[in-house]
Amino acid sequence: MTLITGGSKCGKSRLAERFLDNCNGNKLYIATMQPFGEEAQTAIERHRKIRAGKGFETVEKYTGLHEIEVPENCHILLECMANLCANEMFGNNGFSDPTERIMQGIYHLKERSETLVVVTNNVGSDGVLYSTETNKYIEVMGRLNALTAVLSDNVIECVYGVPVMLKGNICC
C-alpha cells in the first residue's frame, strides 16, 4: 500500500498512476470527485485524459468505499481521500466525523487488492483561519492521513512534481 500526499496540482495523480503502470491484472480507478461545477468537470476530464489507455476501469464512488466489489488480483488507485472526506462530511447523509467509516473502506480495499495506491491532499499546512466546519474537515483529514500513513508500506510527498520518500524504500 502506498500513500501519496502533497499540495494541489503538484503531480500526485501522475505519480500514483506510475505505480500501477507495470501491474498485470485488473486495475481499478476509484474516482471520488463529484462533478459539481465547471472546475470539477475540468479536473475530471484532465484526470480521464491522464489515465486514458492505461487499462483502468473507473468506478465513481463518492462515499461508502466499503461497498465496492473488488475483483481478484486487482490493483487499485483511490483518487482522492480529500474529496471522499468532504463527500462523507458534507453530503446528504453527512457524518460529523467520518474517520471510522472511511478507514473501514480503506481496510476493505487493502485486504482485497494486490496493490493499493491512495492519493490525498495536505490540507492543513497553510495556517489560515477558517470556519468551524472547515476546521473540523482539516482536523478529520489530518487524522485520516495519519492513520493511512501508519497502514501504508510507503508514504510519498509530491513536491513540485518531485517524489520525496517519507516512509518505505521504493524508487518511483
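Read-outs: derived from the displayed coordinates by stated rules, not from any lab. Owing to the predicted nature of the structure, the values given are computational and were not obtained by experimental measurement. Cβ sites come from the backbone with ideal geometry, for glycine too, and all protein chains shown count toward neighbours.
A few comments on the model shown:
- Fewest neighbouring Cβ atoms within 10 Å first, the residues ASP21, ASP153 line up as ASP21, ASP153.
- Relative contact order [Cα under 8 Å, 6+ residues apart], the chain, whole percent: 35 percent
- Look at the Cα gyration tensor of the chain: its axes a ≥ b ≥ c give a/c under 1.5, and that counts as rounded.
- Mean Cα-pair separation over length for segment 1-83, i.e. relative contact order, pairs under 8 Å, 6 or more apart, %: 44 percent
- Segment 2-165 - share of DSSP beta bridges that are antiparallel (%, nearest 5): 15 percent
- Whole-angstrom gap from segment 68-116 to segment 3-22, using each part's C-alpha centre: 17 Å
- Evaluated over the chain, the count of Lys pairs having alpha-carbon atoms less than 18 Å apart is 11 (only pairs 8 or more residues apart or interchain).
- Here the chain is scanned for GluC sites (Glu not before Pro) in DSSP loops (not H, G, I, E, B) that have at most 14 other Cβ atoms within 10 Å, and the longest stretch holding none of them is 73-172.
- Dipole of the chain, positive end: most advanced residue of PRO163, VAL128, ASN87 [Cβ charges, Cα centre]: PRO163
- Environment charge at ASN87 (Cβ cut-off 15 Å; Lys +1, Arg +1, Asp -1, Glu -1): -3
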